[in-house]
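Below: one structure, written as structure tokens.
Values quoted throughout were computed directly from the atomic coordinates according to the rules given, and no laboratory measurement underlies them. These numbers were taken from a predicted model, which means no experiment stands behind them. No Cβ is skipped: glycine too gets one built from the backbone with ideal geometry, and neighbour counts run over all protein chains shown.
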Amino acid sequence: MTTVVITGANRGLGLALAKRYRALGATVIGGCRKPDAAVDLAAAGAEVHPLDTGSGASIAAFGAAVGDRPVDVLFNNAGIDATAVGADDGARGALDLTEAQFRSVIDVNLLGPLLMVQALADNLRAARGKVINVSSQVGSFEVAPRIGRDASYASSKAALNMLSLKQSQVLQPDGVSVIALHPGWVRSDMGGPRATLEPADAASSIASVVDGLTIDQTGSFLQWDGSVHPW
Ligand code: NDP
């Protein structure tokens, strides 16, 4: 039985991934900030546990809830941009953001995936599992000069790309793969209504890519359709 852990599993891409893996027969362990409100996640048949990826203590408690179960796939999916922590939509440049806003985005988008992998390293080793760090094209040095107006978000995703590479190096000897993944422009609260991909379609494609992922691809930056994304 495949076991899949998803952070930020209560809405958007995370919920779509949870539904997809449930449809494939996997055990889904979903983490979210407000488990009691995660009605759709529970209805999909996922296990629901409290998880705030901006808090080391919360991540440790979540790890304890997972226990010693082998984890086949970990999606570090939870993510925010600076509007989630009070920044004005049009004031997210490097000269606009406050220290608190920038730190909060780094906490959730970078330190969250760092601490999640530390908390679940033994579980991942036991399954020779896969870590999917949900990044973004705006974390790419090739893409960022053209798009991405939130300096904290783009910086956090660029750093997440590097973290993915560093995690892949230390986990490769144990057969654990780690990739950074651009999920596409997904019609969620973050992606907005003009986005090109339905969450269910993105999730379906991503699940196929993850299924076919081999240890030879560890340390790569891929897109939702399996193609390589430029760093
Ligand atoms: P949404 O804003 O729709 O959902 C974000 C999810 O992350 C929610 O479940 C939210 O929970 C959760 N979350 C936020 N902060 C925390 C936290 N501190 N602890 C736990 N969970 C948290 O975004 P998407 O579904 O669109 O994005 C999913 C991932 O994909 C993100 O990492 C995002 O950066 C990335 N991405 C998305 C793109 C898009 O077009 N949508 C494009 C490129 C990348 P809550 O309900 O509690 O807020």
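Annotation note: trypsin sites (Lys or Arg not before Pro) in the stretch 89-165 located in DSSP loop regions with a Cβ neighbour count of at most 11 within 10 Å are Arg146. Other residues lying with their Cβ under 14 Å from the Cβ of Gln137 contribute a combined charge of -1, Lys and Arg counting +1, Asp and Glu -1. Local charge for Leu171 was computed over the other residues whose Cβ lies under 13 Å away, with Lys and Arg +1 and Asp and Glu -1, and equals +2. Across the stretch 217-231, rounded Karplus estimates of 3J(HN,Hα) from the backbone phi angles (6.51 cos²θ - 1.76 cosθ + 1.60, θ = phi - 60°) give 8, 4, x, 9, 10, 10, 9, 4, 9, x, 6, 6, 9, x, 5 Hz, Gly and Pro being marked x. Here the convex hull built on the C-alpha positions of the chain has a volume of 113 cubic angstrom per residue.
Sum up the charges of everything whose Cβ sits under 15 Å from the Cβ of Leu111, counting Lys and Arg as +1 and Asp and Glu as -1, but leave Leu111 out. Local charge sum for Leu111: +1.
What's the tally of Lys pairs in the chain whose alpha-carbon atoms lie under 20 angstrom apart, where the two lysines are 8 or more places apart or on different chains? Taking the chain as the scope, the lysine pair count is 5. Under the rule a/c < 1.5 gives rounded, and otherwise a/b versus b/c splits prolate from oblate, where does the stretch 1-71 land using the Cα gyration tensor? In terms of gyration-tensor shape, oblate. Estimated from helices alone, the mean residue ellipticity of the chain at 222 nm is -12000 deg cm²/dmol (sum of -39500 (n - 2.57) over DSSP H runs with n ≥ 4, per residue). With the simple model of a label 7 Å out from the Cα in the direction of the Cβ, Ala195 to Arg103 spans 2.9 nm. The convex hull around the C-alpha trace of the stretch 81-198, projected and averaged over every direction, spans 8.1 square nanometres. Legend: calculated FRET efficiency, Ala94 to Met1, from the Cβ-Cβ distance at R0 = 35 Å, rounded to 0.05, equals 0.15. Taking θ as phi - 60° and the Karplus parameters 6.51, -1.76 and 1.60, the scalar couplings of the stretch 185-201 work out to 8, 9, 6, 10, 4, 6, x, x, x, 7, 4, 8, 10, 5, x, 5, 5 Hz in sequence order, x denoting glycine and proline. Relative intensity of the stretch 54-101 on a log10 scale, I(q)/I(0) at q = 0.26 Å⁻¹, equals -1.00, per a Debye sum over C-alpha point scatterers of equal strength in the absence of solvent. If the chain linking Ala64 and Val228 were pulled fully straight, counting 0.36 nm for each residue of separation and taking away their Cα-Cα distance, it would gain 55.6 nm.
How about the stretch 1-77: which trypsin sites (Lys or Arg not before Pro) there are in a DSSP loop, with at most 10 other Cβ atoms within 10 Å of their Cβ? Could the numbers behind the result be given before it?
On the way: sites: Arg11, Lys19, Arg20, Arg22, Arg33; in loops: Arg11, Arg33.
Passing both the DSSP loop test and the Cβ count: no residue.
Spacing of the modelled spin labels on Ala43 and Asp122, each 7 Å from Cα toward Cβ, amounts to 3.8 nm.
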